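A.B. asks: I have a structure I would like to understand better, so I am pasting it below and will then ask my questions one at a time.
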Amino acid sequence: MDPGSAKLSAALALVMASIGAAALRYRPPPARPADAPAQEFSASRAREVLRGLVGDGEPHPTGSPAGARVRQRVVAELERLGYQPRTQEAFACGAVGICARVTNVIARLDGQRAGKGVLLSVHYDSVPAGPGASDDGAGVSAALEIARALKAGPPPERPVLLLVNEGEEDDLLGAEAFVAGDPAAKEVGAVVNLEARGTTGASLMFETSDRSGWIVDLFAKSVPRPASNSIYYTIYKMLPNDTDLTVYKRSGLAGLNLEAPRRRELAFFDVLAFGVVRWPLGWMPVLAIAAALLWLAGATRAVRRGELRAGALAFGGGAFLAGIAGTGVVGYLLLLALRAVGAAPYPFIAHPAAARAAFLALPVLGAWAAALWPGRRAGAAGLWWGTWGAWAGAGVATGFANPGLAYPFVLPCLVAGACGLAASAHARWVTSLLPLAAAAVLWCPVAWLLYDALGLPILPASSALLTLVLGTAALAWLEAGPRFRGALAFGTAALIVTASVAAAAALPFTADNPRKLNLWYSLDADAKEARWLASAGTGPLPRELGAAAPFGRAPVAALPWAPRVRAYSAPAPALPLSRPELAIEEQRSEGGTRSIRARLRSPRGAALAGIALPAERVMSVRMNGTSVPETPSKNLVGAAYGDSRAWRGYVCTTTGVEGVQIELELSGAGPVDAYLWDASPGLPEQGAQLLSARPAWAVPFQTGDRTLAVARLRL
């Protein structure tokens, strides 16, 4: 094999090894057995606790009798462990506009020193559609196992508070109630929140509070296989979810007053879960400038020696960026093709391996195309210096704009800059590959884990990130022998085609990895008209359901005040369901503002009842004397209760026949058109045929199957 082909092979091997190491290292470690030492955490023991909590498979949403049974099991387990748990009952409202009466369980373990302690927070409620074995039954069972291990050993240095709260799935209500009304909230100095998104994979620290450097230090020193970096929090902020930690941070609890000697933020990353590298975040702009200056010094010297021309430098940088952009575009087109043939109807599918293989191979062709077409004009020196010039620019931009994202650009660029100061770095075997190795170690784990976070839609971005890495070895394509180069390109193209065909042929859903599909019965109580609704967010209507009822071919708005909620619709019999009621108790007008106090109730006893109002008219809302926060929320659950651009929805999930008092402050003196609605779990008996027609590879999710009654109202 010629030296150029050997260099290209080594570059590809480095990237493949980094991806393989990420796939292996970010798998969960083996569970410790049930007979592990008493002071150690045992996932096997926690699994037995989980089986006792939710082994009946019964959903237990906020305020439900099933939820009360799970709470009793939690209390009984804590008492068995020697704790003295207590409960906090409160009515709470969240930023999305959901309110409920919640019951939290709180236990305390005294520490060797007085003062503020650590709050371990989990939630025991589930969504209406499922038993919450993962979210957050796994968190509750882990917290109870932690409580057992702490009790078995000497007292911790600081007090430990265990909060097993209710209402997280609704709108973080248990956390809201705790910070607003429980005296123990004042005893908290730091918070550890255990949450789940999905059912498998590594446990990642994906969110921290502001000035969290000391927390990251403790995490790095204490966790045997730490998996986290400052990029994950940025990714988390893209997700349409909040967690209880959002409430704690907003209330100033997370990382507050633990007598930490250093209160700073860190740039940090783990190295394949072996350890965490970290330094003050404020260093990032300085390091970015240093990397850029190193690059500039090396490039200037290369120009003076006649090794590099300005035009070649521009072509080299342009070729590198074109390779990244081209890979991203081709990846997006591939994703569209998979969607067109029904292979990617939802971000997470049953058999993603073939699709992931195709997207992992795309960067090889992207780097090849960039190096051999525009890169030829740049030459080896222009391609190398232009590539790292683009890296230096990205490092400076992120170093100042978002320092937490800068380290994977800056550190490889520092390595490249140091190599560039060595004579003719682009021509040296080792120094040419060292920057690539640094880039691969930092970027390949991120690219690999992106699928776990965001699913199929993020794969084109993963391909672009890997092209960012492979592009640093683009000059190896120039130096490799034409036969080897052609064989590699042909083999990669064949792999992409084969993997894409396999992905298109694979079933996207199975009984073990089912599609999310809710069925609703919706009655317009005023018009006495009803519809069957089948949720449309995860793909086309299954043929089996189309045969069971005359559903329309295109999805429509399921709720008139929430146009983002789409569903397939079919006519249904109008059943004699009582309409939800809003009984006015008092109203007055003053200075162009209307104040209304009323009672919202469901005569048919539905736990959930709500009102939707024009957003432009709403000034404030209170339920049972509790104000609905005006804090913005990204929680996607709000999409079912009102589109913030036109309508605001306000819901109580523990309403019942007795109802809930609601106080509205509205702008303007004119009348207001509103919607009332209530919802109960399951379908009426007339929907039995639809339930039996739903395929085995489709299951209810989140809110689950529902019976709704909707009414219009003018206030």
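The values are calculated or read from the model by the stated rules, or taken from the named source; none is laboratory data. Since we're looking at a predicted model, the values are computed, not measured. Note that we place each Cβ from the backbone using ideal geometry, even for glycine, and neighbour counts take in every protein chain shown.
A.B. asks: Exactly one of these conditions fails for ARG566: (1) within 18 Å of PRO684 (Cβ to Cβ); (2) at pLDDT below 95. Give me its number.
C.D. replies: Only one criterion in (1) within 18 Å of PRO684 (Cβ to Cβ); (2) at pLDDT below 95 is unmet by ARG566, namely (1).
Conditions (1) in a loop (DSSP other than H, G, I, E, B); (2) farther than 29 Å from CYS93 by Cβ; (3) assigned by TED's automatic domain parsing to the domain that holds GLN88, marked per residue:
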{"residue": "ARG148", "(1), (2), (3)": "no, yes, yes"}
{"residue": "LYS151", "(1), (2), (3)": "no, yes, yes"}
{"residue": "ASP170", "(1), (2), (3)": "no, no, yes"}
{"residue": "ALA180", "(1), (2), (3)": "no, no, yes"}
{"residue": "ALA190", "(1), (2), (3)": "no, no, yes"}
{"residue": "THR199", "(1), (2), (3)": "yes, yes, yes"}
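A.B. asks: Does the range 672-694 contain any residue that is at pLDDT below 95 and under 20 Å from ASN624 (Cα atoms)?
C.D. replies: Looking for residues that are at pLDDT below 95 and under 20 Å from ASN624 (Cα atoms), one finds none in the range 672-694, hence no.
A.B. asks: Within the range 531-641, which strands (runs of 3 or more DSSP E) (wholly inside it) include 1 or more residues that are of a type in the set (D, E, K, R) and within 30 Å of TRP697 (Cα to Cα)?
C.D. replies: Numbers: elements: 556-559, 562-572, 581-590, 593-601, 608-614, 618-623.
Correct list: 562-572.
Results for (1) surrounded by 14 or more Cβ atoms within 10 Å (Cβ to Cβ); (2) in contact with a Gly (Cβ under 8 Å, 6 or more places away or on another chain); (3) within 30 Å of LEU577 (Cα to Cα); (4) in contact (Cβ under 8 Å) with a residue 40 or more places away in the chain, shown as yes or no for each residue.
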residue: THR510; (1), (2), (3), (4): yes, no, no, yes
residue: ASN513; (1), (2), (3), (4): yes, no, no, yes
residue: LEU519; (1), (2), (3), (4): yes, yes, yes, yes
residue: ASP526; (1), (2), (3), (4): no, no, yes, yes
residue: ALA530; (1), (2), (3), (4): yes, no, yes, yes
residue: PRO542; (1), (2), (3), (4): yes, no, yes, yes
residue: LEU545; (1), (2), (3), (4): yes, no, yes, yes
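A.B. asks: Search the range 550-579 for residues that are over 17 Å from GLU529 (Cβ atoms) and pair each with any residue that is of a type in the set (Lys, Arg) when their beta-carbon atoms are under 6 Å apart and the residues are at least 6 apart or on different chains.
C.D. replies: Qualifying pairs under 6 Å: PRO555/ARG566.
A.B. asks: Name the one entry in ASN635, ASN624 that is under 21 Å from ALA100 (Cβ atoms) and either modelled with pLDDT under 95 or buried (at least 21 other Cβ atoms within 10 Å of the Cβ) (or both). Give the derivation first.
C.D. replies: On the way: ASN624 fails: either modelled with pLDDT under 95 or buried (at least 21 other Cβ atoms within 10 Å of the Cβ) (or both).
Selected residue: ASN635, the only one of ASN635, ASN624 that is under 21 Å from ALA100 (Cβ atoms) and either modelled with pLDDT under 95 or buried (at least 21 other Cβ atoms within 10 Å of the Cβ) (or both).
A.B. asks: In contact with a Phe, Trp or Tyr (Cβ under 9 Å, 6 or more places away or on another chain), assigned by TED's automatic domain parsing to the domain that holds SER500 and of a type in the set (A, V, I, L, M) - does that describe any residue in the range 336-348?
C.D. replies: No.
A.B. asks: Would you say TRP448 is in contact (Cβ under 8 Å) with a residue 60 or more places away in the chain, within 28 Å of ALA394 (Cβ to Cβ) and either outside any helix (DSSP H, G or I) or assigned by TED's automatic domain parsing to the domain that holds VAL329 (or both)? It would help to see each step written out before you state the result.
C.D. replies: Details: in contact (Cβ under 8 Å) with a residue 60 or more places away in the chain: yes; within 28 Å of ALA394 (Cβ to Cβ): yes; either outside any helix (DSSP H, G or I) or assigned by TED's automatic domain parsing to the domain that holds VAL329 (or both): yes.
It is true that TRP448 is in contact (Cβ under 8 Å) with a residue 60 or more places away in the chain, within 28 Å of ALA394 (Cβ to Cβ) and either outside any helix (DSSP H, G or I) or assigned by TED's automatic domain parsing to the domain that holds VAL329 (or both).
A.B. asks: For PHE359, indicate whether it is assigned to a helix (DSSP H, G or I), in contact with a Leu (Cβ under 8 Å, 6 or more places away or on another chain) and among the aromatic types (Phe, Trp, Tyr).
C.D. replies: On the way: assigned to a helix (DSSP H, G or I): yes; in contact with a Leu (Cβ under 8 Å, 6 or more places away or on another chain): yes; among the aromatic types (Phe, Trp, Tyr): yes.
Considered against the rule, which asks whether it is assigned to a helix (DSSP H, G or I), in contact with a Leu (Cβ under 8 Å, 6 or more places away or on another chain) and among the aromatic types (Phe, Trp, Tyr), PHE359 comes out as yes.
A.B. asks: Right, something else. Can you tell me which residue is modelled with the lowest pLDDT among those in the range 465-485 that are surrounded by fewer than 24 Cβ atoms within 10 Å (Cβ to Cβ) and in contact with a Ser or Thr (Cβ under 7 Å, 6 or more places away or on another chain)?
C.D. replies: Within the range 465-485, the first condition is being surrounded by fewer than 24 Cβ atoms within 10 Å (Cβ to Cβ), and the residues that meet it are 465, 478-479, 481-485.
Going one step further and asking which of them are in contact with a Ser or Thr (Cβ under 7 Å, 6 or more places away or on another chain), we end up with 481, 484.
On the way: GLY481: 88, PHE484: 91.
Top of the filtered list is GLY481.
A.B. asks: Which of the residues that make up the range 287-332 are charged (D, E, K, R) and either surrounded by 15 or more Cβ atoms within 10 Å (Cβ to Cβ) or without any contact (Cβ under 8 Å) to a residue 12 or more places away in the chain (or both)?
C.D. replies: Taking the range 287-332 as the starting set, the residues that turn out to be charged (D, E, K, R) are 301, 304-305, 307, 309.
Scanning the range 287-332 gives ARG304, ARG305, GLU307, ARG309.
A.B. asks: Could I ask something else about it? Taking only the range 344-389 into account, find how many residues are in contact with a helix residue (DSSP H, G or I) (Cβ under 6 Å, 6 or more places away or on another chain), buried (at least 21 other Cβ atoms within 10 Å of the Cβ) and of a type in the set (A, V, I, L, M, F, W, C).
C.D. replies: Qualifying residue count, the range 344-389: 19.
A.B. asks: Restricting the range 21-44 to residues that are within 17 Å of ALA147 (Cβ to Cβ) and not polar (S, T, N, Q), which is surrounded by the most Cβ atoms within 10 Å (Cβ to Cβ)?
C.D. replies: Going residue by residue through the range 21-44, those that are within 17 Å of ALA147 (Cβ to Cβ) are 32, 34, 36-44.
With the extra rule that they be not polar (S, T, N, Q), the set shrinks to 32, 34, 36-38, 40-41, 43.
Details: ARG32: 15, ALA34: 12, ALA36: 15, PRO37: 10, ALA38: 12, GLU40: 12, PHE41: 15, ALA43: 20.
Looking at residues that are within 17 Å of ALA147 (Cβ to Cβ) and not polar (S, T, N, Q), I get ALA43.
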